[in-house]
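Chemist: Below: one structure in structure tokens.
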Amino acid sequence: MLLNSDDRILPFQVEGLDVRGRVVRLGSSIDTVLARHDYPAPVSKVLGEAVALAVLLGSSLKMDGRFQLQTRSDGPIDMLVVDFEAPDRVRAYARYDDEKLKAANGAPSGELLGKGHLAMTIDQGVDMARYQGVVPLDGGGLEDAAHEYFRQSEQIPTKVRLAVAEAIGSGEHVWRAGGILVQFLPDAGEQVRDLPGGDAPEGVEPPVDDDDAWMEAKSLVDTVEDHELIDPTIASEELLYRLFHERGVRVFQQQEVRHACRCSEERILGMLKSFSDEEKRDMIDDDGQINVTCEFCSTKYSVAPSEIGIEAN
């Protein structure tokens, strides 16, 4: 019987190799994110990779935690923003230059991003310190940036694979995304979090790059093909069995993921009320209303000036 892996995060552990990780498969959730904006295909692909990466990383947070991935760069796609709100809500958007994108003519994702930086922000509530890690974007893709992040900030050997594609079926075009993250955590025990907030967990020494177990695990993940991460007929459990059956792989309870935006009329009113009266008047459109479109979900809000304490001229 085929197990449903769509819009699911599957944590796993391979004790024989001292590795832990997660597999994420995104179906309707990523298609909803991308369909809301009708991005050109290259932009959808890069944003899909960013969403898969953010879900892989953010899904390790506590129930009330938030994880944000954001890029700022000089390429045709000059900004990506992905919010993951634990345990299961994700939203995202991209900003791009249409002329630069057309001139890039099918360039790889690293060139579409260009040079700049990738910031990953972890917020686990008022009782926990907020943490942000920043790594450069030097023309490489998001996989490369993730590896650099873990090398610099976490000091935990990590391998990430991401895949995004537009599938065609029954005359419809739908987007799918997937990813796998594997981390080397020898003798870490069940208390280790995958995002420990800046350094390796206490008592765990960062292993050398040529450790046999880590090299084996990394080599196995390198064999993963894009279609294995996005094919709805290949369950996450099946993929993990293909990779690690000789060593034995243990899976844990799946976590759901869904597209959900945090915008609301109440939040929009609160934001508008924070501006000065002069700024509010400048926002009034020809129809006499203040019109706001959410960047994340493209929902349009129309607010009467009187609702925020001013009268139209």
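Chemist: Please name all residue pairs, on different chains or six or more residues apart, with Cβ atoms under 8 Å, provided the first residue is in the range 274-292 and is under 11 Å from GLY309 (Cα atoms) and the second residue is of a type in the set (Val, Ile, Thr) and modelled with pLDDT under 90.
Modeler: ASP277/ILE310; LYS280/ILE308; LYS280/ILE310; ARG281/ILE310
Chemist: Show me the strands (runs of 3 or more DSSP E) found entirely inside the range 63-107 where at least 2 residues are β-branched (Val, Ile, Thr). Reasoning before the result, please.
Modeler: On the way: elements: 66-73, 77-85, 89-96.
Per the criteria, 77-85.
Chemist: Condition check: buried (at least 24 other Cβ atoms within 10 Å of the Cβ) and small (Gly, Ala, Ser). Does GLY65 satisfy that?
Modeler: Details: buried (at least 24 other Cβ atoms within 10 Å of the Cβ): no; small (Gly, Ala, Ser): yes.
Criteria not met by GLY65.
Chemist: Would you call GLY133 under 17 Å from PHE84 (Cα atoms), within 16 Å of the chain's Cα centre (by Cα) and surrounded by 17 or more Cβ atoms within 10 Å (Cβ to Cβ)? Spell out the reasoning first.
Modeler: Values: under 17 Å from PHE84 (Cα atoms): yes; within 16 Å of the chain's Cα centre (by Cα): yes; surrounded by 17 or more Cβ atoms within 10 Å (Cβ to Cβ): yes.
Spelling it out, GLY133 is indeed under 17 Å from PHE84 (Cα atoms), within 16 Å of the chain's Cα centre (by Cα) and surrounded by 17 or more Cβ atoms within 10 Å (Cβ to Cβ).
Chemist: When the range 144-183 is examined, which residues are found to be touching a residue at least 24 places away in the same chain (Cβ under 8 Å) and either outside the structural domain of LEU17 (by TED's automatic domain parsing) or outside any strand (DSSP E or B) (or both)?
Modeler: Filtering the range 144-183 for residues touching a residue at least 24 places away in the same chain (Cβ under 8 Å) gives 144-146, 149-150, 153-167, 174-183.
Those that are touching a residue at least 24 places away in the same chain (Cβ under 8 Å) and either outside the structural domain of LEU17 (by TED's automatic domain parsing) or outside any strand (DSSP E or B) (or both): ASP144, ALA145, ALA146, TYR149, PHE150, SER153, GLU154, GLN155, ILE156, PRO157.
Chemist: Quick check on the range 276-291. Is at least one of its residues more than 21 Å from ALA86 (Cβ to Cβ), within 29 Å of the chain's Cα centre (by Cα) and β-branched (Val, Ile, Thr)?
Modeler: There is no residue in the range 276-291 that is more than 21 Å from ALA86 (Cβ to Cβ), within 29 Å of the chain's Cα centre (by Cα) and β-branched (Val, Ile, Thr).
Chemist: Could you say whether any residue in the range 84-97 is over 17 Å from the mean Cα position of the chain (by Cα), under 30 Å from LYS300 (Cβ atoms), assigned by TED's automatic domain parsing to the domain that holds VAL174 and surrounded by fewer than 24 Cβ atoms within 10 Å (Cβ to Cβ)?
Modeler: Here is the first cut: in the range 84-97, the ones over 17 Å from the mean Cα position of the chain (by Cα) are 96-97.
So of that shortlist, the ones also under 30 Å from LYS300 (Cβ atoms) come out as 96-97.
Next, from what is left, pick out any that are assigned by TED's automatic domain parsing to the domain that holds VAL174: 96-97.
From the residues that got through so far, the ones that are surrounded by fewer than 24 Cβ atoms within 10 Å (Cβ to Cβ) too are 96-97.
Checked the range 84-97: at least one residue is over 17 Å from the mean Cα position of the chain (by Cα), under 30 Å from LYS300 (Cβ atoms), assigned by TED's automatic domain parsing to the domain that holds VAL174 and surrounded by fewer than 24 Cβ atoms within 10 Å (Cβ to Cβ).
Chemist: Does SER302 qualify as being in contact (Cβ under 8 Å) with a residue 24 or more places away in the chain, closer than 25 Å to VAL81 by Cβ and surrounded by fewer than 16 Cβ atoms within 10 Å (Cβ to Cβ)?
Modeler: Values: in contact (Cβ under 8 Å) with a residue 24 or more places away in the chain: no; closer than 25 Å to VAL81 by Cβ: yes; surrounded by fewer than 16 Cβ atoms within 10 Å (Cβ to Cβ): yes.
Answer is no for this residue.
The values are calculated or read from the model by the stated rules, or taken from the named source; none is laboratory data. Only a predicted model underlies this, so the values are computations on that prediction, with no experimental measurement involved. Here Cβ is always computed from backbone atoms with ideal geometry, including for glycine, and neighbour counts include all displayed protein chains.
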